[in-house]
Every structure is written in structure tokens, then in C-alpha cells.
Amino acid sequence: MGNLVWQAGMALMLLSCAVSYLRFRLRLRGAVRLEDSVWESDRIPTAFVLGLFRPQIYLPLGLGEGERRYILCHERAHIRRLDGLLKLALTAALCLHWFNPSVW
């Protein structure tokens, strides 16, 4: 019985992560390409990197040129450090250990 509860919890966590990701991708549909791998959107509050194999940087609309350069440098550091892989590993750990408060 306990195994079924764990499997159901894991399936629900995977489903929740997948739905959240798809909703987020839909939110980015209107993003405008600024340069190679850099996009700008009026529907996001902060900059971030999305993608593992071809990471894309998304910037909020209305950044000044100096601020944009600084943020791009910061986000490119995340790409160089492969932080996307760490995020994926942490999400997988959360899906597997959804019942453990220390993982949350």
C-alpha cells in the first residue's frame, strides 16, 4: 500500500511540474528575439535562462542598455556553470522524495 501512495505522489508531482512548464512556455509565446539566444517579453518580471540543450535568455521589457549588459553577463554565467542541469536534478529529487520536508 505504501508503495502505491509513493508512486501516486510521484506521478502527481511529475504531472504538476509538466503542467507548470507548459503553462510557462505558453506565457513566453509573444517574446521578441533581440539577438541570438536572447529574447525579451513584457509578460515576465525578471530575467532567466530556459533550456538545457539550447539555453535561451529571457529578459523583461524595458531594461536600460547598461542593465541589460549586466544581466546578460549574469545569465550567461548560469549557462556556463550548467545550472540548468542542477535545476533538473533538484526537480527530479523533489518528484522522487515529494514526501520529505527537507527536500522541499
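Quick notes
- Most to least accessible of 6, 104 (protein chains only, probe 1.4 Å): 104, 6
- Residue 80 paired with residue 93, simple spin-label distance in nm, labels 7 Å along Cα-to-beta-carbon: 2.5 nm
- With protein chains left intact and a 1.4 Å probe, residues in the chain average 74 Å² of accessible area per residue.
- 78, 97, reordered so the largest accessible area comes first (probe 1.4 Å): 97, 78
The values are calculated or read from the model by the stated rules, or taken from the named source; none is laboratory data. Here the structure is a predicted model, which means the values were calculated and not measured. So basically every Cβ, Gly included, is an ideal-geometry build from the backbone, and we count neighbours across all protein chains shown. Keep in mind that these areas ignore ligands, DNA and RNA; they rest on the heavy atoms of the full protein, side chains included. Shrake-Rupley method; radii C 1.70, N 1.55, O 1.52, S 1.80 Å.
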